[in-house]
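**Q** I'd like to ask some things about the structure below.
The values are calculated or read from the model by the stated rules, or taken from the named source; none is laboratory data. All of these numbers come straight from a predicted model, not from anything done at the bench. Cβ placement follows ideal geometry from the backbone for every residue including glycine, while neighbour counts extend to all protein chains displayed.
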Amino acid sequence: MESHLEIGTQFLEVEPEQELTFYHEKGDLYTRFSLKNTTEKANVAFYVFTSSKERIYILPSQGFIQPGFEQTIQVAWAAKDNPDEEKIERMLFFVKALPLS
């Protein structure tokens, strides 16, 4: 199952670029993606969030990435919160970013 990923930045390279593929792991729905700072000198502040009102865990959901470095983001819908494959396919995930000088 896949969910759409919206990228609102030219300061980060996101992998995968468009869709997140979720996997079952011990009853959870789980995926990960990476953010890479493509600037030469600036740290980039980032914030990751979802359109869903469900309890979705995004770790880390915010932070800073140094020039040339990469951060892996983990997304999970825990088994205790009754994950729903149909709902997750309709969810949108967003990345906001801002270079810091």
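**Q** Consider Val95 carefully, then state whether it is closer than 24 Å to Leu12 by Cα, touching a strand residue (DSSP E or B) at 6+ places or on another chain (Cβ under 7 Å) and at pLDDT 95 or above.
**A** Values: closer than 24 Å to Leu12 by Cα: yes; touching a strand residue (DSSP E or B) at 6+ places or on another chain (Cβ under 7 Å): yes; at pLDDT 95 or above: no.
No, not satisfied.
**Q** Out of the residues in the stretch 48-59 meeting the condition of being exposed (fewer than 15 other Cβ atoms within 10 Å of the Cβ) and not hydrophobic (A, V, I, L, M, F, W, C), tell me which one is nearest to Val95 (Cα to Cα).
**A** Result: Ser51.
So that you can scan it fast, the table gives a plain yes or no per residue for (1) within 12 Å of the chain's Cα centre (by Cα); (2) in contact (Cβ under 8 Å) with a residue 40 or more places away in the chain:
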position: Leu35; (1), (2): yes, yes
position: Glu54; (1), (2): no, no
position: Ser61; (1), (2): yes, no
position: Gln66; (1), (2): no, no
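**Q** Right, something else. Give the number of residues within the stretch 60-80 that are within 20 Å of His24 (Cα to Cα) and surrounded by 15 or more Cβ atoms within 10 Å (Cβ to Cβ).
**A** Of the residues in the stretch 60-80, 5 are within 20 Å of His24 (Cα to Cα) and surrounded by 15 or more Cβ atoms within 10 Å (Cβ to Cβ).
**Q** Could you please give the count of residues in the stretch 15-33 that are under 12 Å from Phe94 (Cα atoms) and either charged (D, E, K, R) or without any contact (Cβ under 8 Å) to a residue 12 or more places away in the chain (or both)?
**A** 2
**Q** OK, next. Which of the strands (runs of 3 or more DSSP E) found entirely inside the chain contain at least 2 residues meeting this: polar (S, T, N, Q)? Before you say what the answer is, go through the steps one by one.
**A** Working: elements: 2-8, 12-15, 19-21, 23-25, 28-37, 43-50, 57-59, 62-65, 70-77, 92-100.
Ranges flagged: 28-37, 43-50, 70-77.
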